[in-house]
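Asker: Have a look at this one before I ask anything.
The values are calculated or read from the model by the stated rules, or taken from the named source; none is laboratory data. Model, not experiment: these values are computed from the prediction. Cβ placement follows ideal geometry from the backbone for every residue including glycine, while neighbour counts extend to all protein chains displayed.
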């Protein structure tokens with residue numbers, strides 16, 4: 001075999017190695033994007049799961065409190081309306097807004113509870129409050145996980161060389177993050 005053929009074979013070999021490396025990188029980037037996108041979907045499903053748990057729990061809490069504070073009907077109606085809006089929300093943006101409204105309604109409900117010391121001594125009320133506190137903690141954890149999943153995805157979509165694959169396949173950064181409401185910025189007032 002002549003030196004010319006050896007040089008051609010080496011050149012073809014190098015070319016195929018480069019092609020295989022590029023294709024491998026593209027496939028790896030695509031698989032990474034798919035996995036990160038699915039992680040966002042999974043995280044969002046888990047957020048919805050714990051929000052649904054809270055929506056299921058709140059009517060029990062409201063009914064318990066209603067027995068003690070019958071004249072606070074407007075607050076209970078607001079909580080019920082907010083719960084219904086959360087259950088009926090379909091998009092993440094609608095769910096965020098409904099969740100914020102429910103947070104506000106629950107804050108008012110907890111203020112009512114402060115006015116009824118006998119209610120705080122009721123075992124069923126205490127059990128429901130513990131469940132609600134646990135649910136709120138779960139929601140906070142799942143929101144954080146969702147935000148982390150969105151961040152990891154956005155970093156991948158914006159980073160080289162994955163951004164090339166993302167752009168070519170139509171993967172765009174997600175703009176939906178959970179954020180604190182304006183009420184969360186205020187210092188809570190505790191009265192004894």
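Asker: Would you confirm whether or not the range 121-134 contains a residue that is at pLDDT 80 or above, surrounded by 13 or more Cβ atoms within 10 Å (Cβ to Cβ) and either out of contact with any strand residue (DSSP E or B) (no Cβ under 8 Å at 6 or more places or on another chain) or assigned to a helix (DSSP H, G or I) (or both)?
Answerer: yes
Asker: If you go through the range 84-91 one residue at a time, do you hit one that is assigned to a helix (DSSP H, G or I), out of contact with any helix residue (DSSP H, G or I) (no Cβ under 8 Å at 6 or more places or on another chain), modelled with pLDDT of 80 or more and surrounded by 14 or more Cβ atoms within 10 Å (Cβ to Cβ)?
Answerer: no
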